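What follows is a short report on a single structure.
The values are calculated or read from the model by the stated rules, or taken from the named source; none is laboratory data. This one's a predicted model, so the numbers in the text were calculated from it and none came from an experiment. Glycine gets a Cβ as well: all are built from the backbone with ideal geometry, and neighbour counts include every protein chain shown. Heavy atoms of the whole protein, side chains included, go into the accessibility calculation; ligands, DNA and RNA do not. Shrake-Rupley method; radii C 1.70, N 1.55, O 1.52, S 1.80 Å.
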Amino acid sequence: MTILIELALLAIGFFLLVKGADWFVEGASGIADRFGIPQLVIGLTVVAMGTSAPEAAVSIAAALKGTADITVGNVVGSNIMNILVILGLASVITVIAVSKTTVHYEIPFMLAITVVFAYLGYADGEIGFMDGIILWGCFIAYLSYMFVMCNKGLMQTEEVIVSGSFPMLIIKGIIGMGLIIFGSDITVDAATELAKIFGMSERLIGLTIVAFGTSLPELVTSVVAARRGKADIAIGNIVGSNIFNILFVVGTSALIIPIVFAEKFLFDCMIAFGAGVLLWICIARKKELDRVGGLVLLICYGAYFGYLMVQ
């Protein structure tokens, strides 16, 4: 009975995170639009950060509760899952075209910051305040790059069409943020209890169950887009999400409280790096991710998941 209760709480936590992020993005984007802020800026900031809100909320909550393995596992696990599972599933449904900028700039940058993240954590066993500043410096540089590319018409951003009065948008934004905070608290507590019940490590819980839950927005968006034949920017969005997870989520968490980086996470970071390299290999020649490439990604995740289960 205790297991069922904790699983139910975990599901509720995931639902609140996803719904809260959706309402927060809609409310904050609508407010920004009312103040005359360009849609380009809104897309690069509010919308992009809003999709990483579940990862950020769970990671910060876990760090504050002293369960750093969930913090790091959530980010690294989400990045691995985004590439191997989400893009794998989407490309099995339909062939996904890839922009030249994603191949030449964004994937190499994602690989580079994965190495930086692993080094900062492994060097002294934690991601501290100064490390957070370094990650945020890279984050600002990445936002600047996106702004320049969008102005040149080389990158697309999401536009949020909102309706409703200004007070209603404020209410939606506040409620959305509240749901994110409340949902993250429930999720971390339930995940921690499940780890104790099943005798699983917090690292494993973070890399699998929590990572899957916080990646639900990306999963739903990518698969639905693929089914509708509009997955041409799916890879760019996933790569961007992975970059945000490391620079924004980990960087912000580290500015609030030092995050312990267990030695075992070095291997998971290597898997995240390897997944990025594999994705780059699959798309470099044809500038697309086909069904064969998608199957390869899914098989690789199956092998990684099997490894985690026997640890």
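What to note about this one:
- When the surface is traced with a 1.4 Å probe over the full set of protein chains, F198 keeps roughly 110 Å² accessible.
- Among the listed pairs K100/K264; K152/K286; K19/K286; K65/K264; K19/K65, those whose Cα-Cα separation exceeds 27 Å are K100/K264; K19/K286.
- Secondary-structure-derived ellipticity at 222 nm for the chain, considering helices only, amounts to -23000 deg cm²/dmol, per-run term -39500 (n - 2.57) for DSSP H runs with n ≥ 4.
- Here the Kirkwood formula puts the hydrodynamic radius of the chain at 19.5 Å, using every distinct Cα pair.
- For a modelled paramagnetic label at L295, 7 Å from Cα along Cα-to-Cβ, the residues of the range 64-101 in reach, with backbone nitrogen under 15 Å, are 88-95.
- Distance (nanometres) between label positions extended 7 Å along Cα→Cβ at E288 and F129: 5.2 nm
- 3J(HN,Hα) along the range 252-262, derived from phi through the Karplus expression 6.51 cos²θ - 1.76 cosθ + 1.60 where θ = phi - 60°, amounts to 5, 4, 5, 5, 8, 7, x, 10, 5, 10, 5 Hz, with x in place of Gly and Pro.
- Projecting the Cα atoms of F129, N82, S59 onto the charge dipole of the chain (Cβ charges, centred on the Cα centre) puts N82 farthest toward the positive pole.
- Cα-centred dipole magnitude for the chain, charges only on beta-carbon of K, R (+1) and D, E (-1), debye, nearest 20: 820 debye
- Peptides ranked, highest mean first, by Cβ atoms within 10 Å: ranges 119-131, 235-247: 235-247, 119-131
- The residue among F265, I171, I281 whose Cα reaches farthest toward the positive pole of the charge dipole of the chain, with charges on the beta-carbon of Lys, Arg, Asp and Glu, is I281.
- Amide H contacts under 5 Å for E126, placed H, 5+ residues apart: F261
- Under the span-like rule (Cα at least 30 Å along the axis, Kyte-Doolittle mean at least -0.5), DSSP H helices of the chain: 2-34, 129-151, 166-198
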